[in-house]
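Visitor: The structure that follows is given in the form of structure tokens.
The values are calculated or read from the model by the stated rules, or taken from the named source; none is laboratory data. Because the structure is a prediction, the values reported are computed rather than measured. Note that we place each Cβ from the backbone using ideal geometry, even for glycine, and neighbour counts take in every protein chain shown. What goes into the accessible areas is simple: the full protein's heavy atoms, side chains included, and nothing from ligands, DNA or RNA. Shrake-Rupley method; radii C 1.70, N 1.55, O 1.52, S 1.80 Å.
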Amino acid sequence: MDFEFALTTMLDNFLSFPPLGLVIVMLLGVGLANQVGLLEIAFKAIVVRASPRMLTFVVIFVGIVSNIASESAAIVIPPLAAMLFLAVGRHPIAGLAAGFGAVGAGFSANFIVAGTDVLLSGITTSAAGIVDSSVVVTPVSNWYFMSASTLILTIVGVLITEKVVEPRLGPYDGSGSDRDNSEFLITADQRRGLRNAGLVALLYAAVVIALVAPPNAALRGEDGSIITSPFMDSLVPIIFLFFVSVGITYGIAVGTITSSSDVPKLMIESAKDLAGILVLVFAVAQTIAYFQWTNLGLWVAVQGSGLLEALDVDGVVALIMLSLVTIVLSLVISSGSALWAVMAPVFVPMMMLHDVNPAYAQLAYRIADSSTNMLVPLSPILAVALGYIQKYDKRAGVGTVFALMIPYAATFYLIWMLQFVVWTVFGLPIGPGEYLN
């Protein structure tokens, strides 16, 4: 019977998995904007225009929000930050540390809903179905908290860079002769593309606001609600169309899009990045389906909830314990989505039986997983960071990277969890309609 169930439900498990369509649609839109070069040039334009006094703040802020561009942010932001630090007489490795600390440790924070939000919320929804199939965790379930985290972590990152990391490095004794000023250049076409894309973004935002803000707007719910409304149900398509609109506008301006046939070609290129996600989703879909069919997930959740009751642990403490388990496991499994795929079928039902909203379990996980991103020995970003650092210090090794990243990882985690506890104690929603219980 087990073998029969595995074979007969395999395709349905995969095709009906909640995040499958959402992730594909979301990443096709973001991928198009990335393929035409919009995201890279936009981040570069913001960082390059920063005044020397605000340079650290801008680097940290842009590094955190650049997770919209996924792993490519680690290739663009840190080396650019290093050259800008060197250009104003500061230690370039401090710029690298700021860039990698923000991109890595602050990965989940953002004002903009990203592919990570879509994928993780889908996994959480499926895991929650082990206990209650009516529970839905949306891509904006952590949005309020993550938006506030973006500003808080930016300030913390600035203090770590300027008060801890940079003083330890001391003055830079390199000549700086290997500086490549071409990295600072933004062409006239690129500037025009950014301007045009910005105008389209404003127009698009105005249209969406007009469809949502008025009391009887088309995308509001029947009772006038926004939380349960067509707007929330169509959030991913709205974001997809936004990135397609600004991506096409920028691509036309810089010449990467010369005809309508170029758009699907660029989307095909971006779709190559979906391969790993599709493999992950296929495996996760089967695992959660088997957990549900065998009731193993529910059994583990009941046992875990009983243990929490016996220990007299409340929801906040249980979530802190979840984050600590995540830290340990994240040092072994480098992929955040893969790790949550392993943990969610166990911990989400457990927390639900302990009367904890699954969106909070997801948030506790994201805080811990993001904070340790730059401390995973098998992470490819670690090798990238070492390569950039050795450009300015030939003696640097893996230990150098860890020494630079530990202050960001430890401080981000502690401040982030403090924010989480305070947020929860004061009963603030972490997303639209999302409370602890």
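Visitor: If I filter region 183-193 down to residues being hydrophobic (A, V, I, L, M, F, W, C) and surrounded by 13 or more Cβ atoms within 10 Å (Cβ to Cβ), which single residue comes out as modelled with the highest pLDDT? First the steps, then the outcome.
Guide: Taking region 183-193 first, the residues hydrophobic (A, V, I, L, M, F, W, C) are 184-186, 188.
From what is left, the residues that are surrounded by 13 or more Cβ atoms within 10 Å (Cβ to Cβ) are 184, 186.
Working: Phe184: 66, Ile186: 83.
Among those that are hydrophobic (A, V, I, L, M, F, W, C) and surrounded by 13 or more Cβ atoms within 10 Å (Cβ to Cβ), it is Ile186.
Visitor: Scan Phe43, Phe61, Phe14 and give me the residue that is part of a helix (DSSP H, G or I), within 27 Å of Trp416 (Cα to Cα) and in contact (Cβ under 8 Å) with a residue 60 or more places away in the chain. First the steps, then the outcome.
Guide: On the way: Phe43 fails: in contact (Cβ under 8 Å) with a residue 60 or more places away in the chain; Phe14 fails: within 27 Å of Trp416 (Cα to Cα).
So the residue among Phe43, Phe61, Phe14 that is part of a helix (DSSP H, G or I), within 27 Å of Trp416 (Cα to Cα) and in contact (Cβ under 8 Å) with a residue 60 or more places away in the chain is Phe61.
Visitor: If you don't mind, another one. So which residues in region 356-378 are out of contact with any helix residue (DSSP H, G or I) (no Cβ under 7 Å at 6 or more places or on another chain) and more than 23 Å from Val136 (Cα to Cα), if there are any at all?
Guide: Pro377, Leu378, listed by residue number.
Visitor: Could you pull out the residue among Gly247, Gly224 that is part of a loop (DSSP other than H, G, I, E, B) and of a type in the set (Gly, Ala, Ser)?
Guide: Criteria check complete, one pass: Gly224.
Visitor: Look through region 379-399, keep the residues that are within 22 Å of Gly104 (Cβ to Cβ) and open to solvent by 50 Å² or more (accessible area, probe 1.4 Å), and return whichever of them is nearest to the chain's Cα centre (by Cα).
Guide: Here the answer is Pro380.
Listed here are the residues, each with its yes/no results for (1) of a type in the set (Val, Ile, Thr); (2) at pLDDT 85 or above; (3) within 27 Å of the chain's Cα centre (by Cα).
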site: Ile160; (1), (2), (3): yes, yes, yes
site: Pro171; (1), (2), (3): no, yes, no
site: Asn181; (1), (2), (3): no, no, no
site: Pro215; (1), (2), (3): no, no, no
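Visitor: As an exercise: evaluate Leu339 against (1) over 21 Å from Gly306 (Cα atoms); (2) assigned to a helix (DSSP H, G or I); (3) open to solvent by 10 Å² or more (accessible area, probe 1.4 Å) and give the number of the one condition it does not meet.
Guide: Condition not satisfied by Leu339: (3).
Visitor: Right, something else. Could you tell me how many of the residues in region 401-437 are within 14 Å of Phe100 (Cβ to Cβ) and either among the charged types (D, E, K, R) or open to solvent by 50 Å² or more (accessible area, probe 1.4 Å) (or both)?
Guide: So the count comes out to 3.
Visitor: Is there a residue being touching a helix residue (DSSP H, G or I) at 6+ places or on another chain (Cβ under 9 Å), among the charged types (D, E, K, R) and open to solvent by less than 10 Å² (accessible area, probe 1.4 Å) anywhere in region 342-355?
Guide: no
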